[in-house]
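Worksheet: the structure to be examined is printed underneath.
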Amino acid sequence: MARVHNWQLGREMTYTYDAAYPRAQFAFVFNINRCIACQSCTMACKSTWTFSKGQEHMWWANVETKPYGGYPMFWDMKILELLERANPDGQRWTGAPAGDPRGPWGRFEGQTIFEAPRMLTPDSARVLGYLPADDEWNSPNIYEDNPVGERGKPREYHRTGESLPEHKTWFFYLARICNHCQYPACLAACPRKAIYKRPEDGIVLIDQAECRGYRKCVEACPYKKSMYRGNTRVSEKCVACYPRVEGRDPESGGVPLETRCMAACIGQIRLQGLVRLNPDGTWAEDRQNPLYYLVHVAKVALPLYPQFGTEPNGYYIPPRWVPRPYLRQMFGPGVDAALERYEKPDRELTAVLQLFRRSNKIIFGYKVVEGPKVYEGTLRGRKVTVHDDTVIAYGRRGEELFRTKVEEPIHVRSSRHANSI
Ligand code: SF4
Ligand code: SF4
């Protein structure tokens, strides 16, 4: 076992291989507050990559209703339970979130999935995980919109539902794809070394010719984003639409495009890009890259279950209405500060949030041009001022991709038009 630095955990950890970082890293931010569970992303991925025989159960991109939904069923509860069993009451963070790029959310003192196996299983085990049963992959959208559980029965949802207003309920939609982790558990567990991380963009792929279908990756991935295909007897996973990211999609005109699931997003929750890395694997300062800004400057976007230890490259702006202990377990100790900033956005954050889904092209930089004040008022007892600033997005070579404004333009149609009745 090697020692590597996991900046999301603010400490070193054990990993199967020595550290080796790509030059740039595929990463994304999802704003949960905007997701409407329309499943356009899910179907965009399905119709592109997993529409063939033997792939019926495969949803590389999915959207599940939390807290009860999950694909495969109860994937996160099961991993959390395993970790808790391995390290009872020890899965804790210390230190205040301070913004240090080598540990921005303090220090995780618990055990990751790479450290816990030594406490549970023989020395030969590389990663703590489990293999979902076949029927757990059957229903990618089970418990949709279901906010209540069966009383006294863990992992069961309420058959009839509660009657309001007796019970305060909540749920939210969690959109997920493979996180193209910095320390992939799938890669660590593969005895064939069939899984690799590309040096140019950090995308994690399975070499189909090398895979023998041992399903060690399926067992090890804590996010359960590596899947086994019965009719070919090899495993498959999200490929991050790499031809699009490389600019080789026929519609791209040679410039890098966002993935299909990002491009299809109706709710405009998704922003995907490439971030530059330092030699030690931390994000290189790139102040005008919108992903860098959202994660490291505005600090509103947080990794999904950072305590698993894979250093996932999917970041989420947490939902405002969900109990904080639940969110802290899911996104770590940065939740409270992130929501404080998101609920009171400054001018720059307001402008950057307009970049989501204005184009399918990957944004490498942005600039905000100040505009006039268009609103002043109070919201929940605090003063709110809105400016109609313009945000300009730039591509890889510094070319302008588009510009958009904070205030959405209003088009007034005449009362008589082509399809008036
Ligand atoms: S999310 Fe899972 S499948 Fe994707 S890179 Fe991480 S460990 Fe591998
Ligand atoms: S397309 Fe966007 S809004 Fe619709 S379910 Fe997917 S992430 Fe949510």
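The values are calculated or read from the model by the stated rules, or taken from the named source; none is laboratory data. The shown structure was predicted, so the numbers you read here are calculated from the model rather than taken from an experiment. Reconstructed Cβ throughout: ideal geometry from the backbone, glycine too, with neighbour counts over all protein chains shown.
Among what's in segment 20-62 and is assigned to a helix (DSSP H, G or I) and touching a Lys or Arg at 6+ places or on another chain (Cβ under 7 Å), pick the residue that is surrounded by the most Cβ atoms within 10 Å (Cβ to Cβ).
The selected residue is Cys45.
Just to be sure I understand the filter: pairs with C-beta atoms under 7 Å, separated by 6 or more residues or on different chains, first member in segment 222-246 and assigned by TED's automatic domain parsing to the domain that holds Ala175 and of a type in the set (Ser, Thr, Tyr), second member modelled with pLDDT of 95 or more and within 16 Å of ligand 2 (Cβ to nearest atom). Which pairs pass?
Sorted first by the residue in segment 222-246, then by its partner, the pairs are Tyr223/Arg176; Tyr223/Asn179.
Considering only segment 184-233, state which residues are away from ligand 1 (no atom under 14 Å from the Cβ) and either over 29 Å from Leu277 (Cα atoms) or in contact with a Cys (Cβ under 9 Å, 6 or more places away or on another chain) (or both).
Arg192, Ala209, Glu210, Arg212, Gly213, Tyr214, Arg229, Gly230, Asn231, Thr232, Arg233
Of everything in segment 341-369, what is surrounded by fewer than 20 Cβ atoms within 10 Å (Cβ to Cβ), free of Cβ contacts under 8 Å to residues at least 60 places away in the same chain and not in a strand (DSSP E or B)? Give them in sequence order.
Those that are surrounded by fewer than 20 Cβ atoms within 10 Å (Cβ to Cβ), free of Cβ contacts under 8 Å to residues at least 60 places away in the same chain and not in a strand (DSSP E or B): Arg341, Glu343, Lys344, Pro345, Asp346, Arg347, Glu348, Leu349, Thr350, Arg358, Ser359.
Out of segment 134-154, which residues are among the acidic types (Asp, Glu), in a loop (DSSP other than H, G, I, E, B) and surrounded by fewer than 16 Cβ atoms within 10 Å (Cβ to Cβ)?
Within segment 134-154, Asp145, Glu150 meet the criteria.
Is it the case that some residue within segment 73-82 is within 16 Å of ligand 1 (Cβ to nearest atom), in contact with a helix residue (DSSP H, G or I) (Cβ under 6 Å, 6 or more places away or on another chain) and touching a residue at least 12 places away in the same chain (Cβ under 8 Å)?
no
Only one residue in Gln39, Gln25 is within 16 Å of ligand 1 (Cβ to nearest atom), within 17 Å of the chain's Cα centre (by Cα) and either under 25 Å from Ile317 (Cα atoms) or not assigned by TED's automatic domain parsing to the domain that holds Pro243 (or both), so which one is that?
Gln25
Provide a single number: the residues in segment 234-246 that are among the aromatic types (Phe, Trp, Tyr) and either in a loop (DSSP other than H, G, I, E, B) or within 9 Å of ligand 1 (Cβ to nearest atom) (or both).
0
Conditions: (1) over 26 Å from Gln307 (Cβ atoms); (2) within 16 Å of ligand 2 (Cβ to nearest atom). Asn31 meets all but one. Number of the miss?
(1)
Being touching a Phe, Trp or Tyr at 6+ places or on another chain (Cβ under 7 Å) and buried (at least 23 other Cβ atoms within 10 Å of the Cβ) narrows it down to one residue among Cys190, Cys238; which is it?
Only one candidate passes the filter, namely Cys238.
Can you tell me how many residues within segment 291-340 are under 14 Å from the mean Cα position of the chain (by Cα) and part of a loop (DSSP other than H, G, I, E, B)?
Residues flagged as under 14 Å from the mean Cα position of the chain (by Cα) and part of a loop (DSSP other than H, G, I, E, B) within segment 291-340 amount to 11.
Within the bounds of segment 370-377, is there any residue that is of a type in the set (D, E, K, R) and assigned to a loop (DSSP other than H, G, I, E, B)?
There is at least one residue in segment 370-377 that is of a type in the set (D, E, K, R) and assigned to a loop (DSSP other than H, G, I, E, B).
Being touching a helix residue (DSSP H, G or I) at 6+ places or on another chain (Cβ under 8 Å) and either under 24 Å from Gly70 (Cβ atoms) or exposed (fewer than 13 other Cβ atoms within 10 Å of the Cβ) (or both) narrows it down to one of Ala185, Ala209, so name that one.
Only one candidate passes the filter, namely Ala185.
Among Ala125, Ala44, Ala116, which is the only one that is in the same structural domain as Cys217 (by TED's automatic domain parsing), over 16 Å from Val218 (Cβ atoms), of a type in the set (A, V, I, L, M) and modelled with pLDDT under 95?
Being in the same structural domain as Cys217 (by TED's automatic domain parsing), over 16 Å from Val218 (Cβ atoms), of a type in the set (A, V, I, L, M) and modelled with pLDDT under 95 holds for just one of Ala125, Ala44, Ala116, which is Ala116.
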